[in-house]
Amino acid sequence: MSFWEYNLSEAVVHAVQALGFLDPTPIQAQSFPIILSGKDLIASAQTGTGKTAAFAMPLISKLKNHTRTRCLVLEPTRELALQVEEAFRDYSRFTDLKVAAIFGGVGYGPQLEALRSGADVLVATPGRLLDHLERGDARLSGIEYLVLDEVDRMLDMGFLPDVRRIVTKCPPQRQTLLFSATMPDEIERLASFAQKDPQRLEIGIRLSAAETVTHAFYPVASTQKFELLLAILEEVEYHSVIVFTRTRGEADRIARQMDTAGHSVVALHSDRTQRERTEALDGFRSGKYEVLVATDLAARGLDVASVSHVINYDIPTHPEDYVHRIGRTGRAASTGDAFTLVTAEDLTHVRAIEQMIKQKVPRKKLEGFSYVYSTIFNEDRAQEAARAARRFKAPVFRRR
């Protein structure tokens with residue numbers, strides 16, 4: 001079924017089409033009718049199944065126009081809050097809705113301005129939101145829609161007491177949506193406390209990488225990453241490549257540098273206008289551009305066939321994202337290659353990825369490349385040093 005068949009608003013469907021999504025994922029297809037009907041929902045879904053869109057699209061459809069703060073989304077970390085804020089902005093681009101992110105580790109000034117402007121959607125980490133509530137900067141009396149996202153991670157980080165406090169400050173007459181990869185007893189108790197007769201969904205994801213994809217990790221010093229990227233592209237035979245970065249600024253920088261080096265390249269991320277995104281995707285699909293430099297926006301649902309190589313310039317921080325990034329190649333029984341540039345700081349993520357895909361990824365060095373020394377070349381020793389540093393580091397407790 002297409003997005004048009006779910007009673008989503010016309011503005012949301014146009015935004016989805018502009019982003020290049022063709023069909024809803026299973027969790028989206030099953031969540032849309034429940035959320036649009038106004039029922040509470042408990043969804044067990046892994047990162048990478050499209051769950052952010054599963055709640056963002058119908059909630060934007062219900063919010064319709066800018067008025068006041070009516071939707072609150074709680075996230076465990078600053079990074080997730082920023083990702084979800086970006087998704088809400090993407091899907092509401094053809095509306096006048098305002099979206100704001102509230103998280104710790106930064107100054108209060110810009111967040112105060114966002115709160116005073118009456119953002120329709122507030123995406124927040126629990127600790128910083130409670131700070132604003134205690135200071136009188138924020139009020140939740142107008143909340144109609146409450147989303148508790150990545151609740152098992154909030155449990156692991158000790159945030160559930162803060163979440164409960166926030167729930168009590170929201171009106172009892174509201175729609176509450178809870179998303180979690182796992183459902184331990186503590187989360188079941190939170191659901192009983194926060195929700196009324198919720199519907200339940202359980203969506204799994206493929207936690208193994210495509211058998212048609214060949215994996216390789218390329219250890220390198222962080223100062224040589226771009227140089228090695230160019231050297232790899234000179235060495236391999238490719239016809240289309242997606243290079244993944246963590247940030248929009250990094251995507252733009254890499255694209256500019258690759259263009260200077262003579263590659264036909266285009267960047268794709270949420271700061272691009274609709275026209276720029278459409279032109280980038282059309283150009284990449286047609287072969288006008290041989291390289292697409294993208295953030296994780298392009299890892300989730302974009303229909304780009306015949307990608308011969310995926311290169312992770314920045315290793316993803318969550319192993320599920322690795323699976324979805326490399327899923328852009330090796331499709332429809334074709335073969336593909338997935339290369340990841342790995343620095344000494346990435347070893348924790350390396351282990352997590354290998355555990356998820358249940359295989360040891362070969363480490364490769366590019367013949368003829370002039371490497372500078374890095375501890376990554378002695379991986380076991382670097383890993384032990386990192387463990388020792390964590391053992392002797394004094395604990396720091398910060399509330400988000």
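Bear in mind these aren't lab numbers, they're just calculated from the coordinates by the rules spelled out. What you are looking at is a predicted structure, and each value in this text was computed from that prediction instead of being measured. Because the Cβ atoms are built from the backbone with ideal geometry, glycine has one as well, and the counts that use them run over all protein chains shown.
Couple of notes before you dig in:
- Within the stretch 213-387: Cβ-based charge dipole about Cα centre, in debye rounded to nearest 20 (Lys, Arg +1; Asp, Glu -1): 320 debye
- Over 26 Å between alpha carbons, listed pairs LYS98/LYS288; LYS64/LYS196; LYS288/LYS365; LYS288/LYS360; LYS51/LYS365: LYS98/LYS288; LYS288/LYS365; LYS288/LYS360; LYS51/LYS365
- Remark: ASP185, ASP120, ASP321, ASP152 ranked as ASP185, ASP152, ASP321, ASP120, counting other beta-carbon atoms within 10 Å and listing the fewest first.
- Over the residues of the chain, the helix contribution to mean residue ellipticity at 222 nm works out to -12000 deg cm²/dmol, using -39500 (n - 2.57) for each DSSP H run of at least 4.
- Based on C-alpha pairs under 8 angstrom that are at least 6 apart in sequence, the stretch 1-82 has a relative contact order of 31 percent.
- Treating r as the C-beta distance of ALA261 and GLN355 and R0 as 25 Å, the FRET efficiency rounds to 0.10.
- Each Cα pair under 8 Å and six or more residues apart adds its sequence gap; the mean of these over the residue count of the stretch 36-195 is a relative contact order of 31 percent.
- Relative to the dominant Cα principal axis of the chain, helix 10-19 is inclined by about 10°.
- GNM flexibility winner over the chain from ALA54, ALA87, ALA352 (Cα, springs under 10 Å): ALA352
- Charge dipole magnitude, Cβ of K and R +1, D and E -1 - the chain, Cα centre, debye nearest 20: 1080 debye
- Selection among LEU160, LEU178, LEU140 by position relative to the dipole of the stretch 131-199 gives LEU140 as farthest towards the positive end (Cβ unit charges, Cα centre).
- Of all segments of the chain bounded by chymotrypsin sites (Phe, Trp or Tyr not before Pro) found in a DSSP loop with no more than 12 other C-beta atoms within 10 Å, the longest spans 1-372.
- Cα centroid separation, the stretch 110-154 to the stretch 1-59 (Å): 23 Å
- Comparing GLN359, HIS318, ASN65 along the charge dipole axis of the chain, the residue lying farthest to the positive side is ASN65, per the Cβ-charge model.
- When you restrict to C-alpha pairs under 8 Å that are six or more residues apart and normalise by the size of the chain, the relative contact order lands at 18 percent.
- For the chain, a Gaussian network of Cα nodes joined below 10 Å ranks GLU276, GLU354, GLU235 by mean-square fluctuation, and the top entry is GLU235.
- The H on the amide N of ALA221, modeled in the peptide plane, is under 5 Å from the matching H of VAL372, each at least 5 residues off or on a different chain.
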